[in-house]
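Below is one structure, written out as structure tokens, with a few remarks after it.
The values are calculated or read from the model by the stated rules, or taken from the named source; none is laboratory data. The shown structure was predicted, so the numbers you read here are calculated from the model rather than taken from an experiment. As a convention, Cβ positions derive from the backbone with ideal geometry for all residues, glycine included, and neighbour counts pool all protein chains shown. Quick note on the areas: whole protein, heavy atoms, side chains included, nothing else; ligands and nucleic acids left out. Shrake-Rupley method; radii C 1.70, N 1.55, O 1.52, S 1.80 Å.
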Amino acid sequence: MSTTAPVSVRILDREYTVGVEENERDSLTAAARLLDLRMREIRGSNRMAGVDRIAVLAALNLAHELQQLRDDQAQTQRELARTLDELNRQLDRATHTLD
């Protein structure tokens, strides 16, 4: 049984404490580093930009990347299914000719 433990992460110079399962700690920490990096890139030299706006833009960019990965994965799965169907048809034909 996994246990939830508090983890502190720093995002755009603010500290947040999040409860996380022990086996997900490294993943959460990596996600926080990625989010911090993206928010810093968006903020750039404009220190006056609101943190909420920066956070929404970073979230939108990350969500867009995730959607693209999902779309690519779905396309790959469709292509794989078509290839497997074709291989099965070829195998069926080859088996039928041997009978």
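Within the set of pairs 6 or more residues apart or between chains, which connect a residue that is at negative phi inside the stretch 39-65 to a residue that is open to solvent by 100 Å² or more (accessible area, probe 1.4 Å) with Cβ atoms less than 8 Å apart? Every condition considered, the pairs that remain are VAL51/ARG14.
Checked against (1) modelled with pLDDT of 95 or more; (2) of a type in the set (Ser, Thr, Tyr); (3) open to solvent by 80 Å² or more (accessible area, probe 1.4 Å), THR97 passes all but condition (1).
Residues that are open to solvent by less than 90 Å² (accessible area, probe 1.4 Å) and either charged (D, E, K, R) or not in a helix (DSSP H, G or I) (or both) within the stretch 80-94 comprise ASP85, GLU86, listed in sequence order.
Filter the stretch 62-94 down to the residues that are of a type in the set (Asp, Glu) and at pLDDT 95 or above, then identify the one that is nearest to ARG33 (Cα to Cα).
Just the residues of the stretch 62-94 that are of a type in the set (Asp, Glu), to begin with: 65, 71-72, 79, 85-86, 92.
Now restrict to residues that are at pLDDT 95 or above: 65, 71-72, 79, 85-86.
Numbers: GLU65: 16, ASP71: 25, ASP72: 25, GLU79: 34, ASP85: 42, GLU86: 44 Å.
Among residues in the stretch 62-94 that are of a type in the set (Asp, Glu) and at pLDDT 95 or above, the one nearest to ARG33 (Cα to Cα) is GLU65.
Filtering the stretch 8-63 to residues that are among the basic types (Lys, Arg) and surrounded by 11 or more Cβ atoms within 10 Å (Cβ to Cβ) leaves ARG10, ARG25, ARG33, ARG38, ARG40, ARG43, ARG53.
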